[in-house]
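A quick write-up on the structure given underneath.
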Amino acid sequence: MLEETILAGFGGQGVLMMGKLLAQAAMEEGTSATWLPSYGPEMRGGTANCIVVLSDDEIGSPVSEKYDTVVAMNQPSLQKFESKVRPGGTLLINKSIVPIKTSRNDVNTYYVEANDIAESECGTNRSANVVMLGALQSVRQKLKPDSIEKAIAHAFESKGQNVIDANLKAFAAGMNAIDARETATP
């Protein structure tokens with residue numbers, strides 16, 4: 001297995017945390033993982049993205065010309081990274097705040113109302129990133145859901161059980177979101 005993913009959005013949306021959770025879950029399973037963050041000097045509101053590579057073998061480089069999956073949490077991220085998805089790859093778009101559609105018809109595209117789902121399930125849109133992580137798990141299924149759940153529990157343990165529970169609920173809602181949301185396939 002080799003899975004190359006870009007997660008992108010603006011600072012404060014938790015895209016770097018989403019990548020860390022993927023990498024941690026992969027390591028829980030004994031899979032090789034790299035996490036390469038990229039962000040501007042702004043704490044919140046600037047651009048942020050990370051590349052996560054999962055592999056059964058050693059990983060030579062986290063950087064690639066094309067990726068299996070791109071997760072776009074905002075419109076600038078979609079516009080910047082949609083061309084980086086391999087034909088036949090996967091594009092997940094946060095429909096809650098991205099008003100445009102992709103121009104690609106050669107990739108599997110999923111529009112997920114991540115902010116809206118997080119708000120309705122958890123009472124806040126702060127866990128929209130974990131909703132999107134659940135949606136990613138639903139369509140790519142490269143890791144076991146319980147490995148990601150363990151990574152969530154570990155990452156948020158210092159914030160208390162309420163935060164862990166809210167994020168686990170967001171993750172489950174994201175895994176169930178794909179069936180009920182608009183999709184487009186090549």
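The values are calculated or read from the model by the stated rules, or taken from the named source; none is laboratory data. Quick caveat: nothing in here was measured; it's all calculated off a predicted structure. All Cβ positions, even for glycine, are placed from backbone atoms using ideal geometry, and neighbour counts span all protein chains on display.
Among helices (runs of 4 or more DSSP H) entirely within the stretch 83-158, having at least 3 residues that are surrounded by fewer than 20 Cβ atoms within 10 Å (Cβ to Cβ) and not charged (D, E, K, R) singles out 145-156. Selection over the stretch 19-52 of residues that are in contact (Cβ under 8 Å) with a residue 60 or more places away in the chain and either surrounded by fewer than 24 Cβ atoms within 10 Å (Cβ to Cβ) or touching a Pro at 6+ places or on another chain (Cβ under 6 Å) (or both) gives a count of 5. Look at residue 61 and say whether it is surrounded by fewer than 14 Cβ atoms within 10 Å (Cβ to Cβ) and in a strand (DSSP E or B). Considered against the rule, which asks whether it is surrounded by fewer than 14 Cβ atoms within 10 Å (Cβ to Cβ) and in a strand (DSSP E or B), residue 61 comes out as no.
For the residues 115, 125, 129, 105, the requirement of being more than 19 Å from residue 175 (Cβ to Cβ) and of a type in the set (S, T, N, Q) singles out 105. Condition first: free of Cβ contacts under 8 Å to residues at least 24 places away in the same chain, in contact with a helix residue (DSSP H, G or I) (Cβ under 9 Å, 6 or more places away or on another chain) and among the basic types (Lys, Arg). Can you find one or more residues in the stretch 103-125 that meet it? Yes, the stretch 103-125 contains a residue that is free of Cβ contacts under 8 Å to residues at least 24 places away in the same chain, in contact with a helix residue (DSSP H, G or I) (Cβ under 9 Å, 6 or more places away or on another chain) and among the basic types (Lys, Arg).
Among the residues of the stretch 64-81, those identified as under 30 Å from residue 30 (Cα atoms) and surrounded by fewer than 19 Cβ atoms within 10 Å (Cβ to Cβ) are 64, 65, 66, 81.
Within the stretch 1-29, the set of residues being out of contact with any Phe, Trp or Tyr (no Cβ under 8 Å at 6 or more places or on another chain) and farther than 17 Å from residue 144 by Cα comprises 7, 9, 10, 12, 13, 14, 15, 17. Looking at the stretch 126-154, which of its residues are farther than 26 Å from residue 95 by Cα and in contact (Cβ under 8 Å) with a residue 24 or more places away in the chain? Scanning the stretch 126-154 gives 147, 150, 154. Apart from one condition, residue 60 fits all of (1) more than 12 Å from the chain's Cα centre (by Cα); (2) in contact (Cβ under 8 Å) with a residue 12 or more places away in the chain; the exception is (2). Scanning the stretch 173-185 finds no residues that are within 18 Å of residue 28 (Cβ to Cβ), in contact with a strand residue (DSSP E or B) (Cβ under 8 Å, 6 or more places away or on another chain) and surrounded by fewer than 22 Cβ atoms within 10 Å (Cβ to Cβ). Annotation: of all residues in the stretch 35-82 being of a type in the set (Val, Ile, Thr) and at pLDDT below 95, the one that is nearest to residue 129 (Cα to Cα) is 47.
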